[in-house]
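Enquirer: Handing you a structure now.
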Amino acid sequence: MFFVPFLIMLREGLEAALIVVLIASYLKKTGQQQWMKAVWLGVFSAAIACFGLGLFIEHTTGEFPQQQQELFEGIVAVVAVVMLTYMMFWMQNASKHIGKDIQTALDGAIGQQNGQAKALVFMVFLAVAREGLESVFFLIAAFSQDVGVMAPLGAVTGVVTAVIVGFVLYFGGIRLPLAAFFRWTAVFILFVAAGLAAGAIRAFHEAGLWNEYQDIAYHFGTIISTHSLFGTVLQGLLGYQEAPTDSEVFVYCLYLIPALVAFSVRALATKRVYPSHQ
């Protein structure tokens, strides 16, 4: 399970990197580069806070009895689904005017009579921490389903790649097709979130909270086994299970179908409002 954490962290990292690049570029253009120390302080403070939160949650869950650990993993999966969904639709809505919003917030923070540095640090901290918190809950949910080294390796590789792309964008002035990247990864991540939702209902069953509709909906083990390479890839990418229960299939579809419809409707509305950007 390398690709899913890699892509999630690449996307999350790129969102955070784009915010920092926009702030840094604005400060550079307006001759206010003395505030860059405050920007970096906000970035590193958010990264340390998110990393510390992740370590704390990971450490404490290992001390739970099995049933409580399953309950916790189910709750974390639900939180990850909510945050991933929010991330998708927020980015879809904010992508057309995020630059202007950041410039307005920067003017407000720097324009204060007192505490300009504190205001700027806090603003950057919140912007980066929002992306980091989404990543923390997703990674905890993902790591609970995969105990190998590939998932952490994919996450670290995604973050490193996002940082490199951020530096290239800032110092090289290169324009990448980010709109297409975010659009297609958004659709993919909705499938990932659907798989997490199904995994949450499975965890709640193992915790003893949900025992309805536990009949096997279908068994595709002889066609695509999760022990095969292709089945493992499908399991990691789309939450595929070779023998899911009725409740898992229902929750998967209950989330995915409305989410895809809502995303498509909003995408079409955006095309009508911003035809020149497509």
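The values are calculated or read from the model by the stated rules, or taken from the named source; none is laboratory data. What you see is a predicted model; the values in this text were computed from it and never measured. As a convention, Cβ positions derive from the backbone with ideal geometry for all residues, glycine included, and neighbour counts pool all protein chains shown.
Enquirer: Would you mind stating whether LEU106 is modelled with pLDDT under 70 and part of a helix (DSSP H, G or I)?
Expert: For LEU106, the condition - modelled with pLDDT under 70 and part of a helix (DSSP H, G or I) - is met.
Enquirer: Counting only residues that are of a type in the set (Phe, Trp, Tyr) and modelled with pLDDT of 75 or more, which one in the range 137-160 is nearest to LEU14 (Cα to Cα)?
Expert: So the residue we want is PHE138.
Enquirer: Suppose we keep only residues that are more than 22 Å from the chain's Cα centre (by Cα) and not aromatic (Phe, Trp, Tyr) within the range 59-69. Which one would you say is modelled with the highest pLDDT?
Expert: The residue in question is GLN68.
Enquirer: Suppose we keep only residues that are assigned to a helix (DSSP H, G or I) and in contact with a Phe, Trp or Tyr (Cβ under 6 Å, 6 or more places away or on another chain) within the range 228-278. Which one would you say is modelled with the lowest pLDDT?
Expert: Among residues in the range 228-278 that are assigned to a helix (DSSP H, G or I) and in contact with a Phe, Trp or Tyr (Cβ under 6 Å, 6 or more places away or on another chain), the one modelled with the lowest pLDDT is LEU238.
Enquirer: Given the conditions (1) modelled with pLDDT of 80 or more; (2) under 30 Å from LEU18 (Cβ atoms), and given that ILE201 satisfies all but one, which numbered condition is not satisfied?
Expert: With respect to (1) modelled with pLDDT of 80 or more; (2) under 30 Å from LEU18 (Cβ atoms), ILE201 is out only on (2).
Enquirer: Which is in contact (Cβ under 8 Å) with a residue 24 or more places away in the chain, under 11 Å from the mean Cα position of the chain (by Cα) and part of a helix (DSSP H, G or I), of LEU10, LEU22?
Expert: Step by step, each of LEU10, LEU22 is checked, and only LEU10 is in contact (Cβ under 8 Å) with a residue 24 or more places away in the chain, under 11 Å from the mean Cα position of the chain (by Cα) and part of a helix (DSSP H, G or I).
Enquirer: Given the conditions (1) among the acidic types (Asp, Glu); (2) within 30 Å of SER264 (Cα to Cα); (3) modelled with pLDDT of 80 or more, which single one is not true for GLU134?
Expert: Failing condition for GLU134: (3).
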